[in-house]
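In what follows, a structure is listed as structure tokens, so that the remarks can point back to it.
Bear in mind these aren't lab numbers, they're just calculated from the coordinates by the rules spelled out. On a predicted model such as this, the values are computed, not experimentally measured, just so you know. Cβ atoms come from the backbone with ideal geometry, glycine included; neighbour counts cover every protein chain shown.
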Amino acid sequence: MGNFQNFLNLAVKAAFKAGKVLKKGFDLEKEIIFKRFADPVTLYDKESEKIIVDQILSNHPDHSILTEENLSRDVNKDYKWIIDPLDGTVNFTHKIPYISISIALEINQQVVLGVVYNPVLDEIYTAIQ
């Protein structure tokens, strides 16, 4: 399939950039909106998502994006980024530091890499095929 290191570097860079926003907002009061019962979202979820999507699309405008909030786009079946911009929104709103940004890349329907970053604890985990 190829060398995925450049894609992994992009995902890490996007996670770090979005993580700055989450870390900055972690101790602040947050407005909570409910998408559905017991499914909260904050402006930080949306801002994190926008940063990640912009970072990816500025490098690969022809890739598809699947996100939790609303910036999904299906233009390329071969390359699909799968993004959860703030996994653990409930923890985030209660100032519990167990949150993460999750980014994966699927190529030809096979996940080839993943990044999980907790900006509050500054812990990152990566995997590459």
- Query: Looking at (1) in contact (Cβ under 8 Å) with a residue 40 or more places away in the chain; (2) at positive phi, which is the one condition that is false for V112?
  - Reply: (2)
- Query: Looking at K77, K95, which one is surrounded by fewer than 21 Cβ atoms within 10 Å (Cβ to Cβ) and either over 27 Å from G25 (Cβ atoms) or within 12 Å of the chain's Cα centre (by Cα) (or both)?
  - Reply: K77
- Item | Where L121 falls short, out of the listed (1) assigned to a helix (DSSP H, G or I); (2) touching a Pro at 6+ places or on another chain (Cβ under 6 Å) | (1)
